[in-house]
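Please treat every number below as a calculation from the coordinates, not as lab data. This one's a predicted model, so the numbers in the text were calculated from it and none came from an experiment. In this analysis, Cβ positions are derived from the backbone assuming ideal geometry, glycine residues included, and neighbour counts consider all displayed protein chains.
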Amino acid sequence: MLRLLVISVLWADSPDNVWPISDVVARFQTVAAWYAEASYGRLTLVPTVAPFVRATTTSANANADTLLHISSDLGGPLKASGFDTTKFDRIIYIVPRIASVGPKGFTFGSSMVLNCGGSDYVTFGAIHELGHSLGLAHAQSLRVGGRNGKVMTSALIPPTRRTRCPMRKSGLISARMTNRNSDGSRRQSGTARARPTN
Ligand SMILES: [Zn+2]
């Protein structure tokens, strides 16, 4: 079971309720269903969708650095609203889009930022960034013995060329297998490195 906290963020100058929280709830039901199916029932995502939390940074001042440090900006208000981020395995911050920051998603350690709040991309972005946080890589093309083919990501074979995402179901299953140590325990996935979408 993976406990996921989903936080809708407002910038200091954002209007209230820039997207319906009920829409976020519905999208993360889809995300959880996707992972349940793609993992053949082995990964149960349990999303908790928080109400809006307002950052101290204005939209004009927000930049990539703001997104990387969003948890410290929101620390006080989050605590005040009763959410203990240490009780969750993963945290996704959905922010009103900062146009000066190109990528729509980042993953760093157990935290993710979706820089596309209110758009249809939230569902895909959440599946994608959660994949990164679980240690998966993008679906890749590989050349083996003169033949080209699409393969799942693998820790064993270095990729020759990266395609644009999406991570496939097969990629998930393969990566789950290759992310196991020989004793069956999970390998630690990389931390502290932000990975932009695509
Ligand atoms: Zn990606």
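Those residues that are in a loop (DSSP other than H, G, I, E, B), out of contact with any Cys (no Cβ under 6 Å at 6 or more places or on another chain) and surrounded by 19 or more Cβ atoms within 10 Å (Cβ to Cβ), I need them from the stretch 102-125; list them, please. Explain how you work it out, then say what you get.
Residues of the stretch 102-125 that are in a loop (DSSP other than H, G, I, E, B), as a first pass: 102-104, 109-110, 115-120.
Then drop every residue that is not out of contact with any Cys (no Cβ under 6 Å at 6 or more places or on another chain), which leaves 102-103, 109-110, 115-120.
Listed by number, the residues that qualify are 115, 116, 117.
A quick yes/no check of all residues on (1) aliphatic (A, V, I, L, M); (2) more than 22 Å from residue 133 (Cβ to Cβ):
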position	(1), (2)
45	yes, no
48	no, no
75	no, no
100	no, yes
Index of the failed condition, residue 73 passing every other in (1) surrounded by fewer than 20 Cβ atoms within 10 Å (Cβ to Cβ); (2) out of contact with any helix residue (DSSP H, G or I) (no Cβ under 6 Å at 6 or more places or on another chain); (3) of a type outside the set (S, T, N, Q): (1)
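Would you mind stating whether residue 90 is basic (Lys, Arg), closer than 19 Å to residue 33 by Cα and touching a residue at least 12 places away in the same chain (Cβ under 8 Å)? If you could, list the steps in order and put the result at the bottom.
On the way: basic (Lys, Arg): yes; closer than 19 Å to residue 33 by Cα: yes; touching a residue at least 12 places away in the same chain (Cβ under 8 Å): yes.
Yes: the conditions hold for residue 90.
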Count of residues meeting criterion [surrounded by fewer than 18 Cβ atoms within 10 Å (Cβ to Cβ) and not in a loop (DSSP other than H, G, I, E, B)] in the stretch 46-70: 6
